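Step one of this worksheet: look at the structure below.
The values are calculated or read from the model by the stated rules, or taken from the named source; none is laboratory data. Quick caveat, the model's predicted, so the values are computed rather than measured. Cβ coordinates were reconstructed from backbone atoms using ideal geometry, including for glycine residues, and neighbour counts include every protein chain displayed.
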Amino acid sequence: MTVTAKKAKDQTKNQEVSTSDEDRSTIYLPDRDAKIAEIAYHKAESRDFAPGYELEDWLEAEREFLL
């Protein structure tokens, strides 16, 4: 294997590693929103779905999710 081919192979290997690292740290918006919605739902459920707290539930769920 030539030095140039070895460098190209090493660079490709490094790119693959960095890509997989990025995938683990990325939160996709639909997944994030679905999880926040689930947390907010449980908050509403604990109050027997009393109306008027939807925004409060969502914002509190966002805070919990981001911690």
Exercise. Restricting the search to the range 26-53, which residues are surrounded by 12 or more Cβ atoms within 10 Å (Cβ to Cβ) and of a type in the set (Ser, Thr, Tyr)?
Worked result: TYR41, TYR53
Exercise. What helices (runs of 4 or more DSSP H), lying completely within the chain, carry at least 2 residues that are at pLDDT 80 or above?
Worked result: 29-46, 54-66
